Amino acid sequence: MTEQTFVQAKAWGANLVRVALSESLWLTNSCTYSSGYEAKLDEAVNWITSLGMVALLNLEFNSPMPCQSGAQQEMADNPGSIEFWNQVASRYGKNPLVAFDLYNEPHNISDQVWLDGGQATDTITYEAAGMQSLYDTVRATGTQNLIFISGNTWANTVPATLVSGSNIVYSVHDYTCPTDPPPDCSSKAPYDPSPILDQWVTTSMTLPLVVGEFGWPNPNDATYIANVIAFAQANGWGWNALAWNTSSGNPFALVSQAPGTGTWEPTASGMPVLAAMAGLAW
């Protein structure tokens, strides 16, 4: 990752960059704490926001046990994720171009645990932190910056009770083929994002909504990504496609070439992204 990474995203027309973070690399009481992690994030946030884009800081990986490597869990943990957001919001909350995405893709928990916390189990049983307590932790630092909150069931479904607060954007993630394209994808309608997105239409009539993550595991096929963007635009939602990466070794790559000079070239799947950010029809 270099400054040019974000310069090129801006050149495409991007106004937001989602930055995945690891709790275990951030917290000093973790066995995998990295002493240079804060400085690297400072640099990335400065690069992004200096270009006038929003830096969306996303808690992607966490560690319920202090000496457990960071990984995607069912939910944020208590007290680790609470302390993470207290520190991160305190550090970056005075920058109006920073937003906070509280936890990536909660799953295998009840809506009550999603909201209020409680027990969650993966390889171990641990105390999960609910979205309400994560939200309250960020607000307790004094910042009123935007907070993004993912739904339950891998951010697919609308929870029964939403978080109480303001300046909240709800986020739905949509992958019909999360690992392999057809014919190895089990979805009966792999190019149709509406079964997941339809669930959020009513919510979006009164609350801000974004398709916070979506992509297609074949850089040579633009159909699905174009369909998601069309659905989002028809409903007045924001959207954030995955992944800002070159096609080498990444099946979700939106970039085919990253030349030393000039604009980075899109893959076929990146074409509807580039067109939409340029305000062009696809």
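The values are calculated or read from the model by the stated rules, or taken from the named source; none is laboratory data. All values reported here derive from a predicted model rather than from experimental measurement. We place every Cβ from the backbone using ideal geometry, glycine too, and count neighbours over all the protein chains shown.
Summary of values
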quantity	calculated
Elements of type helices (runs of 4 or more DSSP H) contained in the stretch 190-282, each with 1 or more residues being more than 23 Å from ALA155 (Cβ to Cβ)	271-277
Residue in the stretch 120-179 that is modelled with the lowest pLDDT, counting only those that are of a type in the set (D, E, K, R) and surrounded by fewer than 19 Cβ atoms within 10 Å (Cβ to Cβ)	ASP122
Residue ranges of strands (runs of 3 or more DSSP E) in the stretch 79-144 with at least 2 members within 17 Å of the chain's Cα centre (by Cα)	98-101
Some residue of the stretch 259-270 being surrounded by fewer than 16 Cβ atoms within 10 Å (Cβ to Cβ), closer than 22 Å to PRO182 by Cα, at pLDDT below 95 and not polar (S, T, N, Q)	no
Cβ-Cβ under 9 Å pairs, at least 6 apart or on other chains, the stretch 49-69 side over 16 Å from PHE6 (Cβ atoms), far side among the charged types (D, E, K, R) and part of a loop (DSSP other than H, G, I, E, B)	GLU60/GLU105; PRO64/ASP122
Candidate set: the stretch 12-45, residues that are under 23 Å from GLU213 (Cα atoms) and exposed (fewer than 15 other Cβ atoms within 10 Å of the Cβ); chosen: the one farthest from the chain's Cα centre (by Cα)	GLY13
Within the stretch 1-41, tally of residues that are more than 15 Å from ALA243 (Cα to Cα), charged (D, E, K, R) and out of contact with any Lys or Arg (no Cβ under 8 Å at 6 or more places or on another chain)	3
